[in-house]
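The values are calculated or read from the model by the stated rules, or taken from the named source; none is laboratory data. All figures in this text were calculated on a predicted structure; none of them were measured in a lab. Cβ atoms come from the backbone with ideal geometry, glycine included; neighbour counts cover every protein chain shown.
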Amino acid sequence: MSTSPSQPDCAAQRVLIIGAGMAGLSCAAALGSVGHAVTLIDKARGPGGRMSTRRIETPLGQASFDHGAQYFTARDPGFREQVAEWAAAAVAAPWPVAGADAWVGTPGMNAVIKALAAAQNVRWNTRAEQIVRQGAGWLVHSDAGPLGPFGALVLAIPAEQALPFLSLHDFDMAGAALVARSQPCWTAMFTFAQPLPGARDILRDCGAIGWAARNSAKPGRTGPEAWVVQGSSDWSEANLECDAADIAGRLLAELSAALGTALPDPVTTGAHRWRYAQSAALGRGALWNPALGLGACGDWLLAPRVECAWLSGQQLARSMAEAAAACPA
């Protein structure tokens, strides 16, 4: 791991987190609880990321689609406490059909991200373009202008996006990001005028389909019959550069085959390509270089689950707090 002759301040400091998804927001909340002043930036227009919910106006009313993560588990004691808080605030509910410990955001998967982001200083529509080490701090050049200086910098973005930043400053972190290759996923979204006859609410591993769900059957959902159909990782990668309309038509045919019946024409059809859908599983938790004040967190450092993204952010925050506590008074 590289070092710098200029050491970051050990006391509570200004921290910038690039990426306001589950990992970044989890890290921000934990850092804020011990006195750090945290700012987050994210290139998206609003909360969601891979936990996004897309809403489409149709002749039958508004349809909603959780077109990224379909549900999350709550197995770690700390995360179970967090989920209990979300449930008490009516932004999460159990979804037993997906598993005994499966939960969803309500009324959409992005509800929990919205709840976390509401308590933080997040600048949306802001893309980081370059990070620069300056003295004992960091400057970030973004498409909205320069930001900083900050005493510490956290990258809470997919490994592929973190790699260009890390490669200039920490070879160990860059090496981890280099091998943490994400798998893509094509997701199709369909609205129907009537419930599909005889259809189960969930389908797994059926031909090209890795997962399909009647989204309108999830807790807290309203609106017309809405289905999310996600291609398997191998199928999505093989068809990564195909046209979205073609992908939607092919996944609709796959859904028909999986259900064993002809389907009515959808009222609405759409498709979305997730280039970095399912992350790697390095089992490293989080990365932190105290000499540089540079860290990274995300599910790619632990395992590809929403819960692991939250845990990674928590672990990085602990490492940063421990480094501060170890500094001489």
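What the table shows:
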read-out	value
Condition met for SER233 (within 26 Å of GLU57 (Cα to Cα) and among the polar types (S, T, N, Q))	no
Any chance ALA262 is small (Gly, Ala, Ser) and in contact (Cβ under 8 Å) with a residue 40 or more places away in the chain	no
Candidate set from segment 184-198 (those that are in contact with an Asp or Glu (Cβ under 6 Å, 6 or more places away or on another chain) and either outside the structural domain of GLU254 (by TED's automatic domain parsing) or assigned to a strand (DSSP E or B) (or both)); member that is surrounded by the fewest Cβ atoms within 10 Å (Cβ to Cβ)	PRO184
Filter result (β-branched (Val, Ile, Thr) and assigned to a helix (DSSP H, G or I)) within segment 102-114	VAL112, ILE113
Segment 211-255: number of residues that are hydrophobic (A, V, I, L, M, F, W, C) and closer than 17 Å to GLY68 by Cβ	12
Of residues in segment 249-265 being among the aliphatic types (A, V, I, L, M) and closer than 13 Å to ILE209 by Cβ, the one nearest to the chain's Cα centre (by Cα)	LEU251
The lone exception for LEU292 - which of (1) surrounded by fewer than 23 Cβ atoms within 10 Å (Cβ to Cβ); (2) without any contact (Cβ under 8 Å) to a residue 24 or more places away in the chain it fails	(2)
First in segment 199-217 and at positive phi, second anywhere and part of a helix (DSSP H, G or I) and modelled with pLDDT of 95 or more, Cβ under 6 Å, 6 or more apart	GLY207/GLU254
Some residue of segment 83-98 being under 30 Å from LEU240 (Cα atoms) and buried (at least 22 other Cβ atoms within 10 Å of the Cβ)	no
Residue satisfying all of: in segment 204-216; surrounded by fewer than 21 Cβ atoms within 10 Å (Cβ to Cβ) and among the hydrophobic types (A, V, I, L, M, F, W, C); farthest from ALA244 (Cα to Cα) among these	CYS206
Qualifying strands (runs of 3 or more DSSP E) (wholly inside segment 249-329; at least 1 residues being of a type in the set (S, T, N, Q) and either modelled with pLDDT under 95 or on the phi < 0 side of the Ramachandran plot (or both))	268-278, 286-289
Number of positions in segment 190-203 that are out of contact with any helix residue (DSSP H, G or I) (no Cβ under 8 Å at 6 or more places or on another chain) and either at pLDDT 95 or above or under 15 Å from THR268 (Cα atoms) (or both)	5
Qualifying residue in segment 132-144 (condition: among the basic types (Lys, Arg) and under 26 Å from ALA309 (Cα atoms))	no
Single residue of ALA271, ALA262 found to be surrounded by fewer than 20 Cβ atoms within 10 Å (Cβ to Cβ) and outside the structural domain of PHE150 (by TED's automatic domain parsing)	ALA262
Residue identified as without any contact (Cβ under 8 Å) to a residue 24 or more places away in the chain and either of a type in the set (Gly, Ala, Ser) or in contact with a strand residue (DSSP E or B) (Cβ under 8 Å, 6 or more places away or on another chain) (or both) among GLY35, GLY19, GLY24, GLY61	GLY35
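Results for (1) assigned to a loop (DSSP other than H, G, I, E, B); (2) more than 13 Å from ALA152 (Cα to Cα); (3) at pLDDT 95 or above, shown as yes or no for each residue.
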site: ASP9; (1), (2), (3): yes, no, no
site: ALA12; (1), (2), (3): yes, no, no
site: ALA28; (1), (2), (3): no, no, yes
site: VAL34; (1), (2), (3): yes, yes, no
site: LEU40; (1), (2), (3): no, no, yes
site: ARG45; (1), (2), (3): yes, yes, no
site: GLN70; (1), (2), (3): yes, yes, yes
site: GLU81; (1), (2), (3): no, yes, yes
